[in-house]
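Notes to accompany the following structure.
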Amino acid sequence: MPTAALSIPLVDVESGQVSARAFSDAAIYRQEIERIFGRSWLFVAHESELPRPGSFVTRWMGEDPVIVCRGTDERIRIFLNACRHRGRRVCADDLGQAAQFRCPYHGWTYSAQGELVGVPFLAAYQDRLDLPNLGLWQAPRVASCHGLVFASWAAEGPGLDEYLGPHGWVFDLLFGRSEAMEVVGPPQRWVVGANWKLGAANFAGDGYHVANTHGYIDALGMRNPRPGRAGSTTVPAPFGHLANLVKWPPGTPCGEYLALPPQLWPEIERRLSAEQLGVMKALRVIAGNAFPNLSFLETASTEMEEWAGECDYPAMSFLTIRQWQPRGVDRMEVWSWQLMDRNAPEPWKRASQACYQREFGMAGVFEQDDVENWAGISEGLRSPAAQGLALQYRMGLDVPLPTAWPGPGLAYVDPPLSELSERLFYGHWQEAILQDEPPGDARRSEADG
Ligand code: FES
Ligand SMILES: [Fe+2]
């Protein structure tokens with residue numbers, strides 16, 4: 001029997017309930033594409049994917065296909081992948097090196113800076129084309145944080161630093177600790193028949209699913225049992241970002257600094273503050289989600305002890321970022337990158353890569369378990385009768401108030417098991433889709449003007 005339908009539209013943070021329609025209603029999906037993906041800062045690429053002038057990758061900002069290109073002036077720009085003549089996609093490649101982008105249809109040609117530099121039979125237009133204003137349509141704002149490139153269609157609003165807020169402190173631990181961080185090859189991509197929020201909210205902090213969904217790993221004896229309960233800290237930030245920092249359980253033989261190799265420690269110790277080092281030294285896992293759809297996970301693993309042993313490390317770890325790209329109300333494309341500290345020793349890099357593949361690559365054991373459940377949710381919620389369901393996020397409603405911690409803002413230190421992070425994620429999501437029409441959405445300007 002369905003529980004009572006919500007009396008509030010979609011999300012009730014106070015009672016910890018979310019309407020099934022948040023995951024299945026096409027009109028709500030359109031609204032989030034406009035108001036969240038049309039306005040937020042969205043991750044588009046890592047700078048190491050664009051090593052030279054002319055380097056480009058094609059990506060998505062919500063449902064907008066874009067080209068991320070480093071111009072001959074070294075500046076990274078984001079172009080809508082649509083010709084200004086008739087709208088044909090001008091670049092069909094996933095990545096490459098280009099001096100220009102030539103539209104396959106009639107041959108209009110754009111420079112790596114996006115300017116329209118070639119129009120076949122131009123004279124036939126009898127000077128009626130406004131050439132300087134017919135460059136590829138550009139996202140008005142582009143900014144980087146530790147090599148992660150973000151863009152926004154909103155001409156106005158908080159800058160990236162303000163948007164990330166206290167989350168930037170956690171980004172320092174993950175992405176700013178090294179002199180250089182680089183992607184391991186192009187991202188792995190796969191399609192999942194599930195709403196994009198299910199991935200984002202899971203990484204924002206669904207600790208509850210781990211015992212059941214991934215429990216067979218322990219049941220089959222695939223890793224060393226960990227004595228004791230691990231301490232953790234949940235770090236919320238404005239704009240809907242969440243991070244979770246998990247320590248090694250007491251008494252576990254472990255690797256400090258997320259099991260990163262000792263050769264990196266002097267570099268890390270030079271680059272991070274004393275407070276950051278104090279927090280990071282004891283950590284086993286950092287997981288979270290930068291709103292709306294960029295999740296991150298760095299986890300040390302003892303499942304891979306055979307690899308770790310070969311390298312003489314007590315545990316092995318890897319760092320992945322992933323995006324949940326909306327492709328309709330019950331479909332998403334998952335993009336997953338592994339990031340590597342460039343100065344790590346080569347044997348460690350190889351072991352770390354194998355660890356990522358085995359756990360969170362496309363066929364990774366954790367990844368497979370998770371996406372099966374998310375697809376099962378979207379399948380269940382396609383039912384017309386399910387539209388009235390109020391889904392339950394009520395665990396730990398009486399969670400203690402946040403307190404000071406070594407990082408900025410307030411955090412929940414050693415919180416009991418709860419669904420707090422997901423409540424915060426969906427609470428912000430609701431605010432974002434109910435906000436007034438975003439000002440300065442660059443995608444609208446031309447049609448409106
Ligand atoms: S559609 Fe691109 S040149 Fe005509
Ligand atoms: Fe999981």
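The values are calculated or read from the model by the stated rules, or taken from the named source; none is laboratory data. Please read these numbers as outputs of a predicted model, since none were measured by experiment. For neighbour counting, all protein chains shown are included, and Cβ atoms are generated from backbone atoms with ideal geometry for every residue, glycine included. Please note that ligands, DNA and RNA were not included when accessible areas were found on the heavy atoms of the full protein model with its side chains. Shrake-Rupley method; radii C 1.70, N 1.55, O 1.52, S 1.80 Å.
Numbers below:
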item: Solvent-accessible surface ranking, highest first, for 60, 429, 405 at 1.4 angstrom; result: 60, 405, 429
item: Distance between the stretch 322-339 and the stretch 43-113 - C-alpha centres, whole angstrom; result: 20 Å
item: Within the stretch 98-181, trypsin sites (Lys or Arg not before Pro) in DSSP loop having at most 15 other beta-carbon neighbours inside 10 Å; result: 128
item: The chain: DSSP helices with Cα axial extent of at least 27 Å and average Kyte-Doolittle hydropathy no lower than -1.0; result: none
item: Spatial separation of Cα centroids for the stretch 136-155 and the stretch 197-218, in angstrom; result: 31 Å
item: Low-density loop cleavage sites - chymotrypsin sites (Phe, Trp or Tyr not before Pro) in the stretch 174-205, where at most 15 other Cβ are within 10 Å (DSSP); result: none
item: Ellipticity estimate at 222 nm from DSSP helix runs (n ≥ 4, -39,500 (n - 2.57)) divided over the chain, nearest 500; result: -7000 deg cm²/dmol
item: Estimated D of the stretch 53-200 in µm² per second, where Rh is the Kirkwood radius over Cα pairs and Stokes-Einstein applies at 25 °C, 0.890 mPa s; result: 141 µm²/s
item: Inter-label distance, nm, simple model (7 Å from Cα along the C-beta direction), residue 331/residue 394; result: 3.6 nm
item: Restricting the stretch 1-110 to GluC sites (Glu not before Pro) in coil, as DSSP defines it, with at most 15 other Cβ within 10 Å; result: 14, 63, 74
item: Inter-site label distance for residue 127 and residue 265 at 7 Å from Cα along Cβ, in nm; result: 7.3 nm
item: Two-decimal log10 I(q)/I(0) for the chain, as the Debye equation yields it once each C-alpha is a single scatterer, q = 0.06, 0.08, 0.09, 0.13 Å⁻¹; result: -0.27, -0.48, -0.61, -1.23
item: Calculated FRET efficiency for the pair residue 431/residue 85, C-beta based, R₀ 30 Å, to 0.05; result: 0.15
